[in-house]
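Worksheet: one structure, shown below.
The values are calculated or read from the model by the stated rules, or taken from the named source; none is laboratory data. Note that this is a predicted model, so its numbers are computed, not measured. For neighbour counting, all protein chains shown are included, and Cβ atoms are generated from backbone atoms with ideal geometry for every residue, glycine included. Ligands, DNA and RNA are stripped out before the accessible areas are found, and what is left, the full protein with its side chains, is counted by its heavy atoms. Shrake-Rupley method; radii C 1.70, N 1.55, O 1.52, S 1.80 Å.
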Amino acid sequence: MLAQYAVANNRLSEREHEEPGHEYRSAFQRDRDRIVHSKAFRRLEYKTQVFVNHLGDNFRTRLTHSIEVSQIARTVSRSLNLNEDLTETLALAHDLGHPPFGHAGERGLHRLMKNHGGFDHNEQSLRIVTRLERRYPLFDGLNLTQATRLGLQKHTPPQGSSHFLECQVVDLCDEIAYNNHDLDDGLDSGYLNLEDLSSISLWKRLWEQVNAEFSEIDQTVAIRHTIRGLINLMVSDLIENVKENLRRHNIETFEDVLAYGEGEESPTPLVSFSEPLRSEVIQLKKYLFRNLYRHAEVVTMNARAEEIVSRLFGFFTGNIEIMPQEYFNRDDQDDHYRIVADFIAGMTDRYALHWNRKILGVDG
Ligand code: MG
């Protein structure tokens, strides 16, 4: 039942190394399964999203974030008759390359790698699935389809000037997921509060609706019910607006999608919110930036995280022989800076903290 503008199961399905097809799973289902079985995927459980992993068991981690993105993106994808298997694959894989300690870890690693090719989590996701995972006898990496590999390089559309729709959907659903779960975790942690939030139009509207409908409602339940409403509102607006964009720009085929916006300065992506909602989401994002991502506690944790990453990098570039042997068994030409960056980026928060203590001699 796929639309003509979707990625069909036999499109972009070539693998780096030729393999026979599977009896009952599509190429994109196999990609998803390979990702779920990878080591990098399991490690997402102990990597920070915003709140450092050991601060509390109720906060999102990069694993639960990825699952939330996948579940939202699948709904959108299915409603638009896009390829749900490919969408799910991209959503589950989109943060595989994230270093420990969230964006602070990435910032730190990029700074340290500045003169050695830099560091970018999207590029790293691709390195993981094409080279670093080792579980197949005949090749390194997971040997995923071209669609999945292209989809992980968010910033490089395959051809023409637009990315395929499944990739755009995952990108926007990533935003829907984190805006909402960061609100939830932010309120739960006490870093955000309801008074400040009442200045945000989107929140105010839904919060008032919930409280008008249920006058005796418990505050915690009211918060969760409001967030549930927010997700639903964003998802519904997105689906309707994509349909409208496809109609307005006469997008019928996969080729139309790729050619969309060719030669234009910065065309509005086909997968985008309606204009009124877009400005309200921007207001919400600015609020989260000022009050959560720049919260004193978060900023302090981030500074500490950058310091740890920097200590680890200095230590391992000077003592490279200590690193696990598997990092040297590859057939490529990477310099030792890149090998150390791969090792650090692959660490979970707690494994990085373990090495930090070891280097400082705090414990054995
Ligand atoms: Mg994400």
Surface accessible to a 1.4 Å probe, per residue, for the residues of the chain, Å²: 48
Glu252-Ser79 FRET efficiency (beta carbon distance; Förster radius 22 Å; 0.05 resolution): 0.80
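Using a 1.4 Å probe over the heavy atoms of the protein chains, calculate the carbon and sulfur portion of the accessible area of the range 74-121 as a whole percent.
Carbon and sulfur atoms account for 43 percent of the accessible area of the range 74-121.
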Radius of gyration, Dmax [the range 25-95; alpha carbons; angstrom]: 13.2, 40
GNM flexibility winner over the chain from Pro99, Pro267, Pro137 (Cα, springs under 10 Å): Pro137
Approximate spin-label separation Thr64-Arg290, in nm, with each point projected 7 Å along Cα-to-Cβ: 2.8
GNM flexibility winner over the chain from Gly151, Gly118, Gly102 (Cα, springs under 10 Å): Gly118
Computed magnitude of the charge dipole of the range 95-185 (debye, nearest 20; Cβ of K, R +1, Cβ of D, E -1): 620
Size of electric dipole in the chain: Cβ of Lys, Arg +1 and of Asp, Glu -1, about Cα centre, debye, nearest 20: 720
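Find how much the distance from Asp57 to Ser274 grows on full extension, using 0.36 nm per residue of separation minus their present alpha carbon separation; answer in nm with one decimal.
Between Asp57 and Ser274, full extension yields 74.6 nm more.
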Cα-derived Rg to Rh of the chain, Kirkwood definition: 0.98
Gap separating the Cα centres of the range 291-310 and the range 186-213, nearest whole Å: 25
From the C-alpha gyration tensor of the range 118-261, square roots of 5λ in Å: 38, 23, 12
Computed lengthening from Asn232 to Arg25, 0.36 nm per intervening residue step minus Cα-Cα distance: 71.4 nm
Longest site-free stretch - the chain; sites: GluC sites (Glu not before Pro), DSSP loop, at most 14 other Cβ within 10 Å: 24-215
Estimated distance in nm for a label pair at Asn115 and His17, the labels positioned 7 Å out from Cα along Cα-to-Cβ: 3.7
Val221 accessible area, 1.4 Å probe, all protein chains in place, Å² to nearest 10: 80
Sum of -39500 (n - 2.57) over DSSP H runs of 4+, divided by residues of the chain (222 nm, nearest 500): -18000 deg cm²/dmol
Filter on Lys47/Lys285; Lys114/Lys154; Lys47/Lys243; Lys154/Lys204; Lys204/Lys286 - keep pairs with C-alpha separation over 26 Å: Lys47/Lys243; Lys154/Lys204
Separation between Cα centres of the range 233-262 and the range 1-49, rounded to whole Å: 24
Paramagnetic label zone (point 7 Å from Cα along Cα-to-C-beta, Glu264; backbone N under 19 Å) in the range 201-238: 238
The chain: relative contact order as a whole-number percent, Cα under 8 Å and 6+ apart: 22
Relative contact order of the range 166-252, defined on C-alpha pairs under 8 angstrom at six or more residues apart (%): 30
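Could you pull out the trypsin sites (Lys or Arg not before Pro) across the range 233-272 that fall in loop regions by DSSP (anything but H, G, I, E, B) with no more than 10 other Cβ atoms inside 10 Å?
Within the range 233-272, no trypsin sites (Lys or Arg not before Pro) qualify (loop, at most 10 other Cβ atoms within 10 Å).
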Residue of Tyr178, Tyr327, Tyr46 that the Gaussian network model of the chain assigns the largest fluctuation, springs spanning Cα pairs under 10 Å: Tyr327
Length added when fully stretched, Arg311-Gln153, from 0.36 nm per residue minus Cα-Cα: 54.0 nm
